[in-house]
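Notes for the one structure printed next.
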Amino acid sequence: MLTRQAIVAEIGETHTRLAVTDYDRLSIDHYVQFDNNAFTCVTDALAAYIRSTPVATSAIGIAVINGSPTTDEDRLHHDLAEQLDWGTSPSRVFKVEALDALALVLPHLTLHDTKLISGQKVEPGTPKAIISVGQALGVTSLTPDDGAWSAHRTHAGSISFAPQTRGEFDIFERIRCATDYVSVENLLSEAGLCHLYELLLESAGQAVRGSPASSIMDAALGGSDAVAAKAVDNFATWLARFAGDIALLDDARGGIYFWGAIPRRMERRLKADLFRAAFEAKGRRSAWLAEIPIFIIRSDDAILKGAALALAGRLD
């Protein structure tokens with residue numbers, strides 16, 4: 001059987017991954033990763049990769065991470081056609097959101113692609129939910145549908161943040177001073193962690209300093225900054241509560257799957273008993289939630305394979 005190959009790209013916030021995939025077998029070849037500042041724009045990066053890859057492909061699939069800037073399909077195709085002198089070539093450029101790519105590939109991931117954090121085994125043939133934490137907070141649910149899976153994007157990141165303690169109410173009020181609505185995403189995102197850190201520094205009487213989320217995580221996990229540790233602990237607690245809400249909303253007996261750099265770096269916090277307790281603390285539904293497994297998607301090429309599946313669906 002002839003293989004069908006395509007170039008797939010994952011455009012992230014700080015880096016880009018590229019590969020050639022057989023989108024029938026979901027194999028990955030000619031894999032490269034580079035910092036985004038290595039090229040002036042996405043088009044230049046794609047063109048350089050295509051020139052260096054000795055594979056004739058029928059299509060290019062681009063998966064875009066939440067919050068990452070890129071242009072639309074038509075513009076990308078036009079710019080690449082000019083750089084590569086495609087002429088009347090049938091090559092086509094398709095764009096897919098990263099969460100959509102993850103939803104497509106999740107049923108195909110193996111035990112090596114995910115890591116069980118806590119909870120019981122997956123109940124086969126039951127709904128699953130993906131929670132993406134990065135520049136934005138995204139949620140997609142998967143439900144069984146006549147032998148296949150149906151994905152449903154949500155706007156769950158925009159639901160209201162619900163403080164439960166006096167300290168959380170204080171944080172809520174201070175954030176509300178700058179906005180007329182406080183969503184969960186206002187807190188559970190890279191910008192949310194940075195803002196929370198600044199608020200806690202101010203409350204502790206320390207000089208407010210702007211720090212990227214990665215630096216806050218490093219300081220918290222390394223034990224060098226008590227305020228950073230408090231910010232990360234709060235973040236983990238709120239993420240656990242939110243994940244519990246999503247599990248209830250989606251009947252996610254098939255598991256909650258975290259994706260993104262923040263959940264990966266927070267793995268130790270996610271495995272802690274306090275995180276699990278906050279996840280399950282839903283009154284009479286706590287016993288039901290106790291059986292829900294929580295995973296981290298740790299495969300570096302999951303989105304690339306998901307982009308390949310998206311291409312297969314559009315090219316067939």
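Take the residues in segment 109-120 that are at pLDDT below 90 and not aliphatic (A, V, I, L, M), then tell me which one is most open to solvent (accessible area, probe 1.4 Å).
H112
Anything in segment 113-152 that is more than 16 Å from P293 (Cα to Cα) and within 18 Å of the chain's Cα centre (by Cα)? List them, or say none.
Once the filter is applied, which keeps residues that are more than 16 Å from P293 (Cα to Cα) and within 18 Å of the chain's Cα centre (by Cα), segment 113-152 yields S132, V133, G134, Q135, A136, L137, G138, V139, T140, A151, H152.
Restricting to segment 230-240, name every residue that is within 15 Å of L199 (Cβ to Cβ) and within 23 Å of the chain's Cα centre (by Cα).
A231, V232, D233, N234, F235, W238
Name, by its number, the condition in (1) assigned to a helix (DSSP H, G or I); (2) over 19 Å from K128 (Cβ atoms) that does not hold for A243.
(2)
For segment 184-209, give me each residue that is touching a residue at least 12 places away in the same chain (Cβ under 8 Å), surrounded by fewer than 19 Cβ atoms within 10 Å (Cβ to Cβ) and not in a helix (DSSP H, G or I).
Within segment 184-209, A204, Q206 meet the criteria.
Just to verify a result, which residue in segment 66-83, among those that are in contact with a Leu (Cβ under 9 Å, 6 or more places away or on another chain) and aliphatic (A, V, I, L, M), is modelled with the highest pLDDT?
Taking the candidates together, the pick is L80.
Within segment 143-174, which residues are of a type in the set (F, W, Y), open to solvent by less than 50 Å² (accessible area, probe 1.4 Å) and either without any contact (Cβ under 8 Å) to a residue 24 or more places away in the chain or closer than 25 Å to A103 by Cα (or both)?
F172
The values are calculated or read from the model by the stated rules, or taken from the named source; none is laboratory data. Since the structure is predicted, the reported quantities are computational estimates derived from the model, not experimental observations. Cβ atoms come from the backbone with ideal geometry, glycine included; neighbour counts cover every protein chain shown. Heavy atoms of the whole protein, side chains included, go into the accessibility calculation; ligands, DNA and RNA do not. Shrake-Rupley method; radii C 1.70, N 1.55, O 1.52, S 1.80 Å.
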